[in-house]
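Trainee: One structure, pasted below without further comment.
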Amino acid sequence: MTLLHTMAPHPRKWFHAPWEFREAALAATLTLALGFAVQYSLGGAGITMPAWPLNGIILALIALATLTLGLSFRNHPMVQWLGGIPLGLSLILSLAILSFIGGMVPQGAAGNPAAMQLGLYSIFSSWPFALTVAIFFVNLGLSLVWKTIPFSPKNLQFILFHAGFWIALACGIFGSSDLQRLVVPVYEGRSTSRGLVSGEGRDVVELPFSIKLHDFSIEEYPPQLMFYDPESDRFIMAGSQAVTEVHKGTRVSWKGTDVEVTEFMTSAMPGPSGNPVAAPPSAGIPYAKVRITGSGAQPDTWLSTGGPGMRPYVAGIDSQILIMVPGSPKSYRSAVTLQAEGGRSLEAELEVNKPVNFEGWKIYQMGYDEESGRFSTLSLLEAIRDPWLPGVYLGFFMILGGNALFFWNGIKRSGVQA
């Protein structure tokens, strides 16, 4: 009995080498606690990532320190734990918790004063997030150094995946301060080289090129027939409970009233007699001649959507009003010339989700003057510059390469076993 008692393993005491998951979980928890304490003591002020070149210098120093630590103190128990799996998994759990908070709490909004002082409304620029990410960079970097030096082909899959993850995460976080997102308003026939910073400040930034808008055009879906109730100030669905697009032959019914479109003109203007006459699309608006029968029967009448300087034509049916609502935008585009300071120019047609690359910037079609609709002469463009984005893409492709190599090795092993 005494012998068995002597041979029974004694539970390892806290902080006795080798450190394992409980020390890692405690370290991750203390990192979060320290971060929230610093955040609270600073009145909710988080970390502002410095711009280039300081952010690049800081990242290079972290990489160099990790490399030196991994090679010079490779066999030290503390360093081995710092670059080990237990700490890595604990830090990933901490990041998951912080990301969950960032997804559940509106970021950038105002709210509970205590929550704001803890940084919950700006979690991704908070001290707990920054400290956790910094330690995670070291943890991931140490494991990468040990698998890379000395190099072995059998570690290639590990190297690709973890190096890709490190690069993508580093470029995404450290490059966030160099991301520029500007709103560029420009009118037809005019040029501009100024953009407004997206957000509340709306600071003006000078672009390294000018944008001249030659033409802005909108293609709309067909207009729609709808009943309007002035008393309740709302639109009423037709009897079919469907929005009815206008074309010749369209029929719509509502409580015993039948409406049929007998004529439809996609672009017209009021003539001398008041009846519409054909007009070019740049000047005209849609008109529809309707025949109303049933309980609200009346002579054939014209409806129109209205436009700048042109009142809409409507038809009163009992207590409701039959109106023709302009169709929603189908697509809109801007014909522009981009002129760089060095003399390089590019003619382009900007559309939604079809950006143009110029001088390291991506130019997107963003919007227009919605009150003027298709008569808008104002085009809202968005200019985005993200110099760290290629690094993020490189990291993603390295991760894909590591995954592909993982599956390839699995297929080879399966073939050998078969």
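The values are calculated or read from the model by the stated rules, or taken from the named source; none is laboratory data. As the structure is a prediction and not an experimental result, all values here were calculated from the model. In this analysis, Cβ positions are derived from the backbone assuming ideal geometry, glycine residues included, and neighbour counts consider all displayed protein chains.
Trainee: Taking ARG344, is it surrounded by 14 or more Cβ atoms within 10 Å (Cβ to Cβ) and either assigned by TED's automatic domain parsing to the domain that holds PRO276 or of a type in the set (D, E, K, R) (or both)? Explain how you work it out, then say what you get.
Mentor: On the way: surrounded by 14 or more Cβ atoms within 10 Å (Cβ to Cβ): no; either assigned by TED's automatic domain parsing to the domain that holds PRO276 or of a type in the set (D, E, K, R) (or both): yes.
For ARG344, the condition - surrounded by 14 or more Cβ atoms within 10 Å (Cβ to Cβ) and either assigned by TED's automatic domain parsing to the domain that holds PRO276 or of a type in the set (D, E, K, R) (or both) - is not met.
Trainee: Kindly indicate whether THR262 is over 44 Å from the mean Cα position of the chain (by Cα), in a strand (DSSP E or B), among the β-branched types (Val, Ile, Thr) and farther than 30 Å from GLN180 by Cα.
Mentor: On the way: over 44 Å from the mean Cα position of the chain (by Cα): yes; in a strand (DSSP E or B): yes; among the β-branched types (Val, Ile, Thr): yes; farther than 30 Å from GLN180 by Cα: yes.
Here the answer is yes, as THR262 does meet what is asked.
Trainee: Out of everything in the range 304-334 that is more than 15 Å from GLU220 (Cα to Cα) and part of a loop (DSSP other than H, G, I, E, B), what residue ends up being farthest from the chain's Cα centre (by Cα)?
Mentor: ASP318
Trainee: Still on this model: Report every pair of residues separated by at least 6 positions or lying on different chains whose Cβ atoms are under 6 Å apart, first residue within the range 134-155 and of a type in the set (A, V, I, L, M, F, W, C), second not in a helix (DSSP H, G or I).
Mentor: Going by the 6 Å Cβ cut-off, the qualifying pairs are LEU142/GLY83.
Trainee: Consider ARG202 against the criteria (1) outside the structural domain of PRO286 (by TED's automatic domain parsing); (2) closer than 22 Å to GLU351 by Cβ: it satisfies all of them except one. Which criterion is unmet?
Mentor: Answer for ARG202: the failing condition is (2).
Trainee: With (1) farther than 30 Å from LYS212 by Cβ; (2) outside any strand (DSSP E or B) as the list, and GLY342 as the residue in question, which single condition is left unmet?
Mentor: (1)
Trainee: Under 6 Å between Cβ atoms, which residue pairs at least 6 apart in sequence (or on different chains) link something in the range 285-297 that is under 30 Å from GLU219 (Cα atoms) with a partner that is β-branched (Val, Ile, Thr) and part of a strand (DSSP E or B)?
Mentor: PRO286/THR266; ALA288/VAL261; LYS289/THR262; VAL290/VAL259; VAL290/VAL261; ARG291/THR262; ILE292/VAL259
Trainee: Which of the residues spanning the range 345-359 are touching a residue at least 60 places away in the same chain (Cβ under 8 Å) and at negative phi?
Mentor: Initially, the range 345-359 is screened for residues touching a residue at least 60 places away in the same chain (Cβ under 8 Å), giving 358-359.
The answer is PHE358, and nothing else.
Trainee: If you don't mind, there's one more thing I want to ask. Can you name the number of the only condition in (1) assigned to a helix (DSSP H, G or I); (2) under 28 Å from ALA335 (Cα atoms); (3) not hydroxyl-bearing (Ser, Thr, Tyr) that TRP408 fails?
Mentor: (2)
Trainee: A follow-up question, please. Quick one: what pairs do we get from the range 92-110, first residue closer than 15 Å to ALA28 by Cβ, second surrounded by fewer than 15 Cβ atoms within 10 Å (Cβ to Cβ) and of a type in the set (S, T, N, Q), C-beta under 8 Å, 6+ apart or different chains?
Mentor: Listed by first residue and then by second, the contacts come to SER94/THR29.
Trainee: Separate question: Can you name every residue in the range 325-354 that is farther than 30 Å from GLY307 by Cα, at pLDDT 90 or above and of a type outside the set (Asp, Glu)?
Mentor: Quick first cut of the range 325-354, residues farther than 30 Å from GLY307 by Cα only: 338-347.
Now restrict to residues that are at pLDDT 90 or above: 338-340, 344-347.
Correct list: LEU338, GLN339, ALA340, ARG344, SER345, LEU346.
Trainee: Is there any pair with a first residue in the range 59-88 that is touching a residue at least 40 places away in the same chain (Cβ under 8 Å) and under 22 Å from LEU169 (Cα atoms) and a second that is among the β-branched types (Val, Ile, Thr) and surrounded by 11 or more Cβ atoms within 10 Å (Cβ to Cβ) whose Cβ atoms are under 7 Å apart and which are 6 or more apart or on different chains, and what are they?
Mentor: Final answer for the pair search is THR66/VAL138; THR66/VAL145; LEU67/VAL145; LEU69/VAL79; GLY70/VAL145; LEU82/VAL138.
Trainee: Then there's this: In the set THR266, THR305, THR293, which member is among the β-branched types (Val, Ile, Thr) and more than 30 Å from GLU349 (Cα to Cα)?
Mentor: The unique qualifying residue is THR293.
Trainee: Oh, and also: Could you say whether any residue in the range 363-373 is farther than 30 Å from ALA279 by Cα, in contact (Cβ under 8 Å) with a residue 40 or more places away in the chain, not assigned by TED's automatic domain parsing to the domain that holds ILE173 and not charged (D, E, K, R)? It would help to see each step written out before you state the result.
Mentor: Restricting attention to the range 363-373, the residues satisfying the condition of being farther than 30 Å from ALA279 by Cα are 363-364.
Narrowing further to those that are in contact (Cβ under 8 Å) with a residue 40 or more places away in the chain: 363.
Cutting the leftovers down to not assigned by TED's automatic domain parsing to the domain that holds ILE173 gives us 363.
Now restrict to residues that are not charged (D, E, K, R): 363.
Yes.
Trainee: Further question on the same structure: Which residues, taken from the range 249-258, are more than 44 Å from the chain's Cα centre (by Cα) and assigned to a strand (DSSP E or B)?
Mentor: Let us first name the residues in the range 249-258 that are more than 44 Å from the chain's Cα centre (by Cα), namely 255-258.
Correct list: THR257, ASP258.
Trainee: Would you please list the contacts, defined by Cβ atoms under 9 Å and residues six or more apart or on different chains, that run from a residue in the range 245-271 that is within 12 Å of LEU322 (Cβ to Cβ) to a residue that is basic (Lys, Arg) and outside any strand (DSSP E or B)?
Mentor: These pairs meet every condition: VAL261/LYS248.
Trainee: Can I ask one more? Is it true that GLY44 is modelled with pLDDT under 95, surrounded by 14 or more Cβ atoms within 10 Å (Cβ to Cβ) and over 19 Å from GLY175 (Cβ atoms)? Full working, then the answer.
Mentor: Working: modelled with pLDDT under 95: yes; surrounded by 14 or more Cβ atoms within 10 Å (Cβ to Cβ): yes; over 19 Å from GLY175 (Cβ atoms): yes.
It is true that GLY44 is modelled with pLDDT under 95, surrounded by 14 or more Cβ atoms within 10 Å (Cβ to Cβ) and over 19 Å from GLY175 (Cβ atoms).
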